[in-house]
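The values are calculated or read from the model by the stated rules, or taken from the named source; none is laboratory data. Only a predicted model underlies this, so the values are computations on that prediction, with no experimental measurement involved. FYI the Cβ positions are ideal-geometry reconstructions off the backbone, even for glycines, and counts take in every protein chain you see. Please note that ligands, DNA and RNA were not included when accessible areas were found on the heavy atoms of the full protein model with its side chains. Shrake-Rupley method; radii C 1.70, N 1.55, O 1.52, S 1.80 Å.
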Amino acid sequence: MFPVTVGLNHRTAPIEIREKVSFHHAEITAALQKLRTYPSLQGVVLLNTCNRLEIYAATTEVEAGINSIKKFLALHANLEEQEIAQYLYIHTLYDSVRHLFRVVGGLDSMIMGETQILGQVSKAYEKACEASATNKVINVFFQNALTVGKRVRSETHIDQHPTSISYTAVELTRQVFGNLAGLSILILGAGEMSALAAKHLVANGASAVMVSNRSYERAKALAEEFSGKAIRFDDLDEALVEADIVISATAATNFVIMPERIRRAMESRSGRSLMLIDLAVPRDIHPEVAGIKGVRLFDIDDLRGVVDTHQKAREEAAAQAEQIIEEEMTNFLKWHNSLYAVPTIVALQRRGEQVRDVMLESALSKLGDLNPKHEKVIRSLANSIVTHLLHAPIRNLKEAANTSQGHLYTEILQNLFSLTVEEENPHSMSTAHYFEAQPPGPQQPESHPQCTKHCTTKQCVKQTGGTHEYCTHWHS
């Protein structure tokens, strides 16, 4: 089972493409369930934000899994596969893990260290769990990523300064107008991004904040938090005449503000200019609005040019965050490879025992009656042959398991010996301790209550209800 990531973001795709690929929150459960039906995809999470759309998957075949995700995205966006492919990035195996760690740490965001992404990743994973779209590899993948994100923030303080798209939008208004006192500001939408925008506006001196939403009750609740004024959606035209700045962040799937509406508003504004900032993906404001005289329209991609006064401090914190991510990558690598190496070793030992037993029975039947001493010598010889034959492959696999190629070694060994492998318990990364350095050398048989027989290797098997499980005790 291999992790892969296929996605696009603000660096690889313009907003015109991102809005075609984006999902409304009500569509995500069905999308996850649909993804699970595609070939080679065993577990999936869909991360959908204003600046990125990414699908994380655990796949049995890397190329087949990637192709499945590409087909799914092209179909959803109503684009040809070749057309959408130019905007996509692909991460496989450990690059996929490192990418998610960097995303959840805020290192891959438009605003470095931004605060919302940790919650967005958490909600995406929760949504996938509710849709029964995850599997054991995805569960450990995301649980550890969320831990990494929290560790980055607690140890580096990368988010100690305001860091969000909403904050950057307010910074843009300050760079254009300077003092916000006395300006009338209209916020469209009542979600998290709108709430953050209102918070930062008030903190920067804005006193006249209006909030409009299709749900008047939600608009009223948000407006009351900041001593603002709720506007019914039907009264939006009047608010557009009054406002100096409009910040829009609704969850609408189509344009909320069309050019004709802004033209009517501008006719009643006595020559006053109007600044509009569209934070939504898909966009709320039709791009042709930018061509209307007296109007300045900014979309979310335009925020990249906003001066960040805390950039240097965040870059220093980011360097520390990268070190944390490398530490966590080492831990994940050990766990993920042990997920395959431990059961592969058990299956290989089991195969050796099966061959030994078959050949022993055949040889003993041909030899006829043997006295106990001779039979013991033959059985001991067979045991020694199998043990010595498997010693080098097992030792080498243990060593390879702590490298980035460990999973490939296990797959090769499984194919060479046609092994049937039962995967290790995935719910924690504790199995990685099995591969911590142990001095090589001859093994002395030792009995243990959990084992069915004397062990001559470090990995022993106990019989429980007809199934083999792994004994965690060392025999050295």
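When the Cα centres of the range 62-111 and the range 332-372 are compared, how far apart do they sit, in Å? Result: 42 Å between the Cα centres. Rg over Rh for the range 356-411 works out to 1.26, using Cα positions for both radii and the Kirkwood form for Rh. Taking the three principal axes of the alpha carbon atoms in the range 170-224, the coordinate ranges are 32, 19, 15 Å, sorted in descending order. In the distance distribution for the range 1-109, Cα-Cα pairs more than 19 Å apart total 39 percent. A Cα-only calculation for the range 279-326 places Rg and Dmax at 17.2, 51 Å. Taking packing as the residue-averaged number of other Cβ atoms within 10 angstrom, the listed peptides 285-291, 264-270 run from highest to lowest as 285-291, 264-270. The C-alpha atoms of the range 49-131 occupy a region whose extents along the principal axes are 34, 26, 26 Å, arranged from largest to smallest.
Taking packing as the residue-averaged number of other Cβ atoms within 10 angstrom, the listed peptides 375-381, 179-185 run from highest to lowest as 179-185, 375-381. Measuring with a 1.4 angstrom probe and ignoring ligands and nucleic acids, residue 60 comes out at about 60 Å² accessible. FRET efficiency for the residue 391 to residue 324 pair, using the beta carbon distance and R₀ = 51 Å, is estimated at 0.85. For the chain, the Kirkwood hydrodynamic radius from C-alpha pairs, put into Stokes-Einstein at 25 °C and a viscosity of 0.890 mPa s, yields a diffusion coefficient of 94 µm² per second. Counted over all Cα-Cα pairs of the range 78-197, pairs farther apart than 19 Å make up 62 percent. Based on alpha carbons, the Rg and Dmax found for the range 208-354 are 26.5, 91 Å.
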